[in-house]
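Chemist: Quick one: this structure, given as structure tokens, is what I'll be asking you about.
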């Protein structure tokens, strides 16, 4: 366990050393200040669009951060050759995968908490209100999704270069967000093989739309039933476990070549 | 990929996000610059997005509609509705047909503003903005400014001119209303299908209002002629039939008629999702024609 935590801590240190998080945070702040400065028709008190757009960017930034960090870890170690001394230590490949996943999940998760804190501070400053129970649920599911995103990127990076792994991860995540929830509607217009292909996508890809409570939070619908939220959370945990297992399968017997820069 | 590689795409992403923020802010500002000056220039949205701004405008107009339904998106026909994921989604994602309470409708304004900025020819977005500003938010001054901007960008669209005329009719500025109605009638049906039910209703309303204003000026023959034309546009309308009969009998008008005509052709918000189950939080606003 200590070895896994050490590996995760190294990922944290890397995030702090690199400037990605600061850039994203500054961008978010700039965007929020621009949105806050608007006074549409002099109406005042209009605040939902600030929370909505802010949360949209928090989602985008957290996913970008998660994918870029997770997809980079293994190819970077291999490219620099640091994988050899790392694996020479008493550490198994499963521990390596788990440590990398833990780091690339918790670091973007912490960044996400920061993004939420900034957004909702601004919303409250502008006179907005939000349901705390719903906020807790939204955060829980957002963080759960980041675990999946990190695991997806890590799984691709076990066999692909950083660029390819990141691209594949974005395609996978994009499809899970946009195509999967549309399948029941798309099937209406299709026949034969296309229907089967769409159903394979529907049941084969994760349903990331279930993790998105932004509309509920922004439009003050209040907290969702906790039973349903916990089911979605567990669904995320299962997907993450499957993807980490796939990562381990992809990495446990991998042979390395020096100079194979990711 | 190396750190330099990562930074190389992070910078464009950062620039894109900032540009989006700037575009949003520019689009949502109600400018104090005279509108006729703006209309002759190429808009910022047009310069940045070209023709794709129309699609963006539609998207933002749709977003305003989603906000009007408190984040509930349009429901389309589905091949199956009873699987595990959909039952979970039903519990988590907001659903139902709900409208905002009173001035809560202000929340849709940023998206409508961006929609009109993105596509200044989106007359529906302009009319929707003006309607809510005047009707629920109680800011007729801003509604008038928006309609002036709409007219500047769509000078030959009868719907905008008519909307301005109706506002003036409602406030008793009859001379200006009459001039605008004459102009709107000349431009009817603009780009609308003349057989379209709404277009014909608009025509009947414009003719009736103008006829009423003729009555007020004592020009009964003109008024009768226009009321007959209005009746041709919407045959069988009881109020118009009675008015025509009354005029033919030589009856005099009453000032109460103004209220009557406003009630007959009352403007209403037409919810695109009518037919779905409703849970109106605000029953003050009128629904439908």
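Residues are listed down the side, and each one gets a yes or a no for (1) more than 19 Å from residue B:214 (Cα to Cα); (2) in contact with a strand residue (DSSP E or B) (Cβ under 9 Å, 6 or more places away or on another chain); (3) not assigned by TED's automatic domain parsing to the domain that holds residue B:205:
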position: B:120; (1), (2), (3): yes, no, yes
position: B:125; (1), (2), (3): yes, no, yes
position: B:131; (1), (2), (3): yes, yes, yes
position: B:141; (1), (2), (3): yes, no, yes
position: B:166; (1), (2), (3): no, no, no
position: B:170; (1), (2), (3): no, no, no
position: B:175; (1), (2), (3): no, no, no
position: B:186; (1), (2), (3): no, no, no
position: B:189; (1), (2), (3): yes, no, no
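Chemist: Kindly evaluate residue A:87 against the criterion of being within 21 Å of residue A:165 (Cβ to Cβ) and in contact (Cβ under 8 Å) with a residue 40 or more places away in the chain.
Modeler: no
Chemist: Since residue B:103 meets every condition but one in (1) touching a helix residue (DSSP H, G or I) at 6+ places or on another chain (Cβ under 9 Å); (2) at negative phi; (3) free of Cβ contacts under 8 Å to residues at least 60 places away in the same chain, which condition does it not meet?
Modeler: Tallying (1) touching a helix residue (DSSP H, G or I) at 6+ places or on another chain (Cβ under 9 Å); (2) at negative phi; (3) free of Cβ contacts under 8 Å to residues at least 60 places away in the same chain, residue B:103 fails exactly one: (1).
Chemist: Further question: Looking at residue A:94, is it in contact (Cβ under 8 Å) with a residue 60 or more places away in the chain, part of a helix (DSSP H, G or I) and either within 11 Å of another protein chain (Cβ to nearest Cβ) or farther than 30 Å from residue B:106 by Cα (or both)?
Modeler: yes
Chemist: Also, quick follow-up: Looking at residue A:176, is it at pLDDT 95 or above, in a helix (DSSP H, G or I) and within 30 Å of residue A:47 (Cα to Cα)?
Modeler: No: the conditions fail for residue A:176.
Chemist: Hey, any hits in region A:187-207 for a residue that's within 30 Å of residue B:64 (Cβ to Cβ) and surrounded by fewer than 18 Cβ atoms within 10 Å (Cβ to Cβ)?
Modeler: yes
Chemist: Going through A:42, A:133, A:128, A:79 one at a time, which residue ends up being at positive phi, surrounded by fewer than 23 Cβ atoms within 10 Å (Cβ to Cβ) and more than 18 Å from the chain's Cα centre (by Cα)?
Modeler: Every option except A:42 fails the conditions.
Chemist: Looking at region A:151-182, which of its residues are touching a residue at least 40 places away in the same chain (Cβ under 8 Å), under 23 Å from residue A:198 (Cα atoms) and over 14 Å from the mean Cα position of the chain (by Cα)?
Modeler: A:156
Chemist: Follow-up question, since we're still on this one. Across region B:100-116, what is the total count of residues that are at pLDDT 90 or above and more than 11 Å from chain A (Cβ to nearest Cβ)?
Modeler: Matching residues across region B:100-116 total 2.
Chemist: State all residues of region A:204-262 that are in a loop (DSSP other than H, G, I, E, B), over 19 Å from the mean Cα position of the chain (by Cα), farther than 12 Å from residue A:137 by Cα and within 11 Å of another protein chain (Cβ to nearest Cβ); if no residue qualifies, say none.
Modeler: Matches in region A:204-262: A:219, A:220, A:221, A:261, A:262.
Chemist: For region A:14-39: of the residues being within 30 Å of residue A:76 (Cβ to Cβ) and over 19 Å from the mean Cα position of the chain (by Cα), which is modelled with the lowest pLDDT?
Modeler: Selected residue: A:17.
Chemist: Residue A:188 passes all but one of (1) touching a helix residue (DSSP H, G or I) at 6+ places or on another chain (Cβ under 8 Å); (2) more than 25 Å from residue A:49 (Cα to Cα); (3) facing chain B (nearest Cβ under 8 Å); which number fails?
Modeler: So residue A:188 meets the others, but not (1).
The values are calculated or read from the model by the stated rules, or taken from the named source; none is laboratory data. Remember, it's a predicted structure, so these values are computed and weren't measured experimentally. For neighbour counting, all protein chains shown are included, and Cβ atoms are generated from backbone atoms with ideal geometry for every residue, glycine included.
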